[in-house]
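What follows draws every value from the coordinates through simple rules; no lab data is involved. Here the structure is a predicted model, which is why all the values come from computation and not from measurement. Cβ: placed from backbone, ideal geometry, glycine included. Neighbour counts: every protein chain shown.
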Amino acid sequence: MSAAAADPVWRVGLIGYGAIGQSVARLLLAQPGHALGIVTRSVPAGGFGPGAEALGDLEALLDWRPDAVIEAASADAFAAFAPACLAAGIDIVAASVGALQDAALHERIKCLCDRTGSRLVVPSGAVGGIDHIAAAALRPETRVTYISRKPPAAWVAELATLGLSEAAQKGPVTLFEGDAREAAARYPKNLNAGLTIALAAGFDRTSVQVLADPAATGNTHEIRIEGPLGDSAMRFCNAPDPANPKTSAITAYSLVAATLRHFGTLQ
Ligand SMILES: NC(=O)C1=CN([C@@H]2O[C@H](COP(=O)(O)OP(=O)(O)OC[C@H]3O[C@@H](n4cnc5c(N)ncnc54)[C@H](OP(=O)(O)O)[C@@H]3O)[C@@H](O)[C@H]2O)C=CC1
Ligand SMILES: O=C([O-])CC(=O)C(=O)O
């Protein structure tokens, strides 16, 4: 009797090893059949442990021949890595989708996907219900309102720049009201969720409000969908990642869930 074929190993590239990257690595390596190649500017002294290896740069990542790449770094890293991966036929599961506020980059990504057949996977990230939003938005009358409400601890640098640190300790401060592209351009580390929602709903149908609120318990995201198919409201009150208060801890789980689904048979 011949030996059973070895189970496949999925080779996953990971860009970024901060709050989300470290959680993604831990979660994915706990899944059988996954190997990680990690691109980071700061490799931990003890390395990454079994199942993961450090990759120096974009070229090393492409040479490693990943089956898919998870981006968990920054909008700049998305712009630097995503086009090259997609051009090489490698699908990307991205956290920093706020980078798509840049219409030229968005168009370039679409052209690369059309040309190579590779795909940019936009996970639900810090929010959810994206399938519901996309379904409702097939009716052009649908309108979506997104409110991001985080404690001032998630906005320390931004509030200081605006001279609003003290005001934000006393009551809610509105940091932005407008469209999702401008929100992500102004606050690239905090408005990926707004861009994710707008990609599903349509940019012209999505309005965004951003609040720093001392009464906020966790990173709260409220989404209201109104249209001919009904009115719906979703509210996500997320625990912040202990390593980065701007980031909801569930985001890493969303990236891993999206990656496992991408490799799976059920889409
Ligand atoms: N889609 C969503 O719903 C959400 C998306 N996000 C986004 O996810 C991304 C990661 O968030 P988080 O982990 O909290 O951020 P952190 O700041 O904790 O970690 C980011 C990591 O990426 C590294 N990095 C940044 N730029 C580059 C680059 N050009 N090349 C290589 N490494 C790079 C940083 O390295 P170094 O330390 O050397 O700078 C750091 O290790 C952010 O863009 C964030 O805005 C966050 C929450 C929700
Ligand atoms: O993690 C969150 O709560 C949301 C966030 O930072 C983002 O959308 O970029």
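Helix 19-29 sits at what angle to the longest principal axis of the chain, using alpha carbons and giving 0 to 90 degrees rounded to 10?
Computed tilt is about 40 degrees.
Given labels modelled 7 Å from the Cα in the Cβ direction, how far is it in nm from residue 174 to residue 108?
3.5 nm
Across the chain, where is the longest run that never hits GluC sites (Glu not before Pro) in a DSSP loop with at most 11 other C-beta atoms within 10 Å?
1-140
Using a Gaussian network model of the chain with C-alpha springs under 10 Å, which one of 183, 201, 216 is most mobile by mean-square fluctuation?
Of the options given, 216 has the highest mean-square fluctuation.
For the pair residue 185/residue 63, report the inter-label distance in nm, with labels modelled 7 Å from Cα in the Cβ direction.
Rounded to a tenth, the inter-label distance reads 3.9 nm.
Do the sum for the chain: with -39,500 (n - 2.57) for every DSSP H run of n ≥ 4, divided by all residues, what is the mean residue ellipticity at 222 nm, to the nearest 500 deg cm²/dmol?
About -10000 deg cm²/dmol.
Given springs between every Cα pair under 10 Å in a Gaussian network model of the chain, which of 229, 255, 105 has the largest fluctuation?
Between 229, 255, 105, it is 229 that shows the largest mean-square fluctuation.
Could you tell me how many degrees, from 0 to 90 and to the nearest 10, lie between the Cα long axis of helix 192-201 and the main elongation axis, the longest principal axis, of the Cα atoms of the chain?
Approximately 90 degrees, to the nearest ten.
In terms of the Cα gyration tensor, with a ≥ b ≥ c the square roots of its eigenvalues, is the range 49-205 rounded because a/c is under 1.5, prolate because a/b exceeds b/c, or oblate?
Here the range 49-205 falls in the oblate category.
Within the range 231-267, whose backbone N sits under 18 Å from a point 7 Å along Cα→Cβ of residue 139?
231-234
What net charge do the residues around residue 227 carry, taking every other residue with its C-beta under 11 Å from that of residue 227, with Lys and Arg at +1 and Asp and Glu at -1?
Within the 11 Å Cβ shell, the charges total +1.
Work through the residues other than residue 81 whose Cβ is under 10 Å from its Cβ and net out their charges, Lys, Arg +1 and Asp, Glu -1.
Local net charge: -3.
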